[in-house]
Structure formats: C-alpha cells, structure tokens
Amino acid sequence: MMNNFDVIVIGAGPAGLLAAGRAAELGGKVLVLEKMKREGRKLLITGKGRCNITNDAPISEFIKHVYPNGRFLRSAFSSFFSKDIIELLKSHGVESVLERGGRYFPASNRSSDVLKALLLWVKSYKVEIRCGYRVEKLIIENKNIKGVQANGQEFLCNRVIMATGGNSYPATGSNGEGHELARLAGHTVVKVRPALVPLETEGNVAQKLQGLNLKNVKATVWVDGRKKADDFGEMIFTHFGLSGPIILTLSRLVVNELQNKNKVEVVIDLKPALDEQKLDNRLIRDLNEHGNKKLINIFRLWLPASMIPVFVDLLSIDTEKECNQVSSKERKQILYLLKNLSFRISGNRSFKEAIITSGGISTNEISQKTMESKIVKGLYFAGEMIDLDAETGGYNLQIAYSTGWLAGKSCMRDKMLL
C-alpha cells in the first residue's frame, strides 16, 4: 500500500504542480515524480529569472496568441485563468505587478518566489514529491492506466498526469522523454521543433552589430519573395544573428519555412513610424539644415552610434562628401536601407536556446474538457508536452497552469470524489 496513490503526476514544473495541487485539494492522495534533483528547474529561468507569470489579455484575445489551435484551451482557461494564478500566488505571499504588454511579474522580480509559493501550496495538501525519480514506463492494462515504473519501482494508481515538458532547455529536464512514453502508449506525437528561438543569419552584418539592442522597429518575414508576417517592438543582434522579443515571436514561422527548405529573409524597418514619403522629407530637411557638414557626421540623427559604421559599409556612397552634395539617388539609397535592412536566415538555434517547444501530443487525441487521453483511460496530459505553443508574454506559462489545473480537477471528478 505504500506505493498506492489516487493520482501520480510526472513532472514537477508549473503544469505538474498545478495538477498535483488541485487533485490533492479535492481530496486525492497524490505523488509527484520528478527526474531532476529539484522541482521547477525551468520555471526558475523563465523571464530571464524574473518569471513572466501570465498575461492580462481576455480569453478571446489570449487564444489568438496560441498555436496551432488556441480554441482547444477554452475549457482549461474557463476552469483556471490569469486572475486565478495571480490570486493563488498572492495567497501564498507573492504580489504581482502588471507591466507593458499586459505581462505580470512577481513584485520581487524573482522567479524563485513563484516556485516557493507553488510548492508551499502543493505541500499544504500533503502532496508527496520525490525528486530524482525517472519514470521508465507507464503501466497500462487493457487501455487503462494502472501506474508507472520509476527507478525500477512500481507505483500504482488509476490516474496519471503527464507534465514532462517539451524539448527546450534540456538541461532543466525537458528532453522529450515524456513524448516517447506517450508514443509507446499509442499517442501521436506531432513533430517537435524549437519555438521562440533565436535565428542565425548569413554574412557578418549581424555579428558586427553584436550586442546592439533596437526598440520600436518592425521585422518582416519574407519567404521566397512573399511577405508572410511582421511584428513591431524590440530586438537584439548577436554573434550568430538575430534575437529579442519580435524575432522570437516570428521564429515559429521561420523554423517551419526553413524545414521546408524555403528561402527566408527577415527585413528590419528601422523607422516604422514614418512611411517612405515622410522619411524622405525628413532626410531632405536634415541634409539641407546641415548642408556644409560631411554626410558621415549626420548619420547620428538617424541611427544609434554603434550602427553607423556598419550601415555606411552597406551603402555605395562617399560619406565624406558634404550634405549639400548628396544626390537624390544617394538619398534614396539611404532611405531604402533605413526601411529595408535585410538578413538572409541560414538556420535557427537548437532546443538548448529555445524558450519552448512547438509540436507534441496531438490535441486530436486529448479531451479538451478534461485533458484525458482518448486512447488510454486514466491518462492525462498537461503543459508544454501537448501540441500547443504561444508567443512571448506569459502565455505559455498560463497554458501550463490551466491545463494542469483542469487535469487535476478532472482526475478527481472521474474518481467520483467530488
């Protein structure tokens, strides 16, 4: 009887902890098995260690930021949403602050406080957490879950919630093992790919700009010469290419196109607030006002200082000439480059640098009302291992909380303990 439980949760990340806490809150005897030496390793590094807890967008808007089928989450979000996680954390000592873009962060700016609060909540309901336990197989009889085997031991139950994460940041424990367990149980695993991942570029322009952070710019993805998507906001140049919020958001599309062997370019508009005519008028004005100065000396009016040498190298213009000697054709070249700084994308960084995973357990095989498998009775899924991923902004963590909560709640409803 020592190894008999009502519910076993595999994984002690945010999805697993929400599932375990809710099931225990409803009276279940719950065991959490975590293969790493401590809980919530990935949660600790989210939001660069600050933890972007959630987003204040309403459900109708929220699901628009989730791919490939945000509507699948309506029941989960209706069961437990942003205000609920904020309230839960507050009741365990974590105040939240709302920042730009509807993003909630802990007031302390420490993701560790979020993890501590979740653990405090879970343990208040006598959930047993065993770290250093790797689940080797699911015990299934006649398409009914009977338990799991971990570290050579059998742990028996009639309800298992899998919350093992995806493949991103494998050092935190998310290495795809859960997907393999699900596949062996008969589930379809949609091909996994890195998402919210930095992009690699051809040439050395990005490398020369390494470390430069740009705000209020627009990035547009072009595939085989056709415009596919764009985003406005902040980005950064790196030693390998492009990163930052708008690049990460666009990366899902880029990764898919690269895998299809298509030609992908990201074009940066450095002056998105001005259309071409207004920008041209500004260039004319600046050139006229500084007519006797050398052209090189007025680029500071248009660009960050560290960007000027690289930008000038891309122009076939003598920048030592005086501004009043700049021809219309040369001015148009400057204008074009300000609006069209183009980078050919050669690849993307690996799962080691991807914030989340795209792909996973097919939602066609999961009940959206309960998170239960349609293939194995008593088997549930939660969090990143499902084929759902979202943009940056707290959306992905909310998916974890909501699916975890619904799975934990459904376990106990099905066990008729409600």
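Does segment 116-142 hold any residues that are in a loop (DSSP other than H, G, I, E, B) and not aliphatic (A, V, I, L, M), and which are they? Outline the logic, then answer.
In the first step, residues of segment 116-142 are kept if they are in a loop (DSSP other than H, G, I, E, B); the result is 125-127, 132-134, 142.
Across segment 116-142, the qualifying residues are 125, 126, 132, 133, 134, 142.
Taking segment 373-412 as the region of interest, how many residues are in a strand (DSSP E or B) and surrounded by fewer than 24 Cβ atoms within 10 Å (Cβ to Cβ)?
Residues that pass the stated criteria total 2.
Of all residues being under 9 Å from residue 18 (Cα atoms) and among the hydrophobic types (A, V, I, L, M, F, W, C) in segment 396-405, which is farthest from the chain's Cα centre (by Cα)? Just the residue, please. I'd like the intermediate steps shown before the answer.
Step one: list which residues in segment 396-405 are under 9 Å from residue 18 (Cα atoms), which gives 400-405.
Going one step further and asking which of them are among the hydrophobic types (A, V, I, L, M, F, W, C), we end up with 400, 405.
On the way: 400: 11, 405: 20 Å.
Among those that are under 9 Å from residue 18 (Cα atoms) and among the hydrophobic types (A, V, I, L, M, F, W, C), it is 405.
Filtering segment 274-331 down to residues that are among the hydroxyl-bearing types (Ser, Thr, Tyr) and free of Cβ contacts under 8 Å to residues at least 40 places away in the same chain, which residue is surrounded by the fewest Cβ atoms within 10 Å (Cβ to Cβ)?
316
When only residues in segment 192-205 that are over 23 Å from the mean Cα position of the chain (by Cα) and not β-branched (Val, Ile, Thr) count, which is farthest from residue 255 (Cα to Cα)?
Looking at residues that are over 23 Å from the mean Cα position of the chain (by Cα) and not β-branched (Val, Ile, Thr), I get 204.
Only residues in segment 65-87 that are of a type in the set (Val, Ile, Thr) count as the first member; pair them with residues that are crowded, with 17+ Cβ neighbours inside 10 Å and in a helix (DSSP H, G or I), Cβ under 8 angstrom, at least 6 apart or cross-chain, and list the lot.
66/73; 66/395; 66/399; 85/398; 85/401
Residue by residue, here is whether (1) of a type outside the set (Lys, Arg); (2) under 24 Å from residue 37 (Cα atoms); (3) within 26 Å of the chain's Cα centre (by Cα) holds:
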| site | (1), (2), (3) |
| --- | --- |
| 94 | yes, no, yes |
| 108 | yes, no, yes |
| 112 | yes, yes, yes |
| 121 | yes, yes, yes |
| 131 | yes, yes, yes |
| 137 | no, yes, no |
| 140 | yes, no, no |
| 143 | no, no, no |
| 152 | yes, yes, no |
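Report those strands (runs of 3 or more DSSP E) wholly inside segment 11-115 carrying at least 1 residues which are surrounded by fewer than 22 Cβ atoms within 10 Å (Cβ to Cβ). First the steps, then the outcome.
Details: elements: 30-34, 96-99, 103-106.
Once the strands (runs of 3 or more DSSP E) in segment 11-115 are filtered for at least 1 residues that are surrounded by fewer than 22 Cβ atoms within 10 Å (Cβ to Cβ), what remains is 96-99, 103-106.
If I filter segment 233-256 down to residues being in a strand (DSSP E or B) and in contact with a helix residue (DSSP H, G or I) (Cβ under 7 Å, 6 or more places away or on another chain), which single residue comes out as surrounded by the fewest Cβ atoms within 10 Å (Cβ to Cβ)?
My answer is 234.
Every residue in segment 257-289 that is within 19 Å of residue 342 (Cβ to Cβ) and not in a loop (DSSP other than H, G, I, E, B), please. Before you say what the answer is, go through the steps one by one.
Filtering segment 257-289 for residues within 19 Å of residue 342 (Cβ to Cβ) gives 257-258, 262-272, 274-276, 279.
Within segment 257-289, 257, 258, 264, 265, 266, 267, 268, 269, 276, 279 meet the criteria.
Based on what the data block shows, is residue 317 at pLDDT 95 or above, of a type in the set (Val, Ile, Thr) and assigned by TED's automatic domain parsing to the domain that holds residue 340? Even if it seems obvious, please write down each step before you answer.
Numbers: at pLDDT 95 or above: no; of a type in the set (Val, Ile, Thr): yes; assigned by TED's automatic domain parsing to the domain that holds residue 340: yes.
No.
Take residue 306 and decide whether it is modelled with pLDDT of 95 or more, closer than 29 Å to residue 206 by Cβ, hydroxyl-bearing (Ser, Thr, Tyr) and outside the structural domain of residue 400 (by TED's automatic domain parsing).
yes
Answer with yes or no whether residue 145 is in contact with a helix residue (DSSP H, G or I) (Cβ under 8 Å, 6 or more places away or on another chain) and not in a helix (DSSP H, G or I).
no
The values are calculated or read from the model by the stated rules, or taken from the named source; none is laboratory data. Everything quoted here is computed from the prediction, not taken from an experiment. Cβ atoms come from the backbone with ideal geometry, glycine included; neighbour counts cover every protein chain shown.
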